[in-house]
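What follows is a short report on a single structure.
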Amino acid sequence: MIKKFSLIIILFLLVPLKSYGLSEQNEQQMYIGCYQNSKQYLGADKAKTYCQCTVDKLSEKFSDEELDRVFNQKPEDIIKDTEFASKFCENKILQ
């Protein structure tokens with residue numbers, strides 16, 4: 001199950017972000033990319049909760065520049081740097 005969530009997070013993190021980081025527009029783009037990829041695995045309601053949670057957690061941890069650097073890494077490094085959010089949010093939707 002964690003591999004599915006890691007794949008989901010990779011897919012939506014690869015959505016291009018502008019250099020100013022998590023503006024409202026970029027948060028929305030991340031959410032949309034996550035939702036489109038995860039609703040088939042989680043269903044619509046759980047995907048909404050999971051994706052909003054993940055965007056919020058990433059916004060709390062990373063500055064704009066840090067997040068840009070994370071997204072420019074290899075997929076396995078993106079997973080490593082963002083798995084705290086996917087695990088936290090996965091646990092939230094499974095409760």
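The values are calculated or read from the model by the stated rules, or taken from the named source; none is laboratory data. Fair warning: this is a prediction, and the values are worked out from it, not measured in the lab. Here Cβ is always computed from backbone atoms with ideal geometry, including for glycine, and neighbour counts include all displayed protein chains.
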Open item on the list: If I go through region 50-73 residue by residue, how many of them are at pLDDT 85 or above and touching a Leu at 6+ places or on another chain (Cβ under 7 Å)?
Closed with: 4
Open item on the list: Among the residues that make up region 7-30, is at least one of them modelled with pLDDT of 90 or more, among the aliphatic types (A, V, I, L, M), part of a helix (DSSP H, G or I) and out of contact with any strand residue (DSSP E or B) (no Cβ under 8 Å at 6 or more places or on another chain)?
Closed with: no
Task: Every residue from region 53-95 that is of a type in the set (Gly, Ala, Ser) and surrounded by fewer than 18 Cβ atoms within 10 Å (Cβ to Cβ) - done: Ser59, Ser63
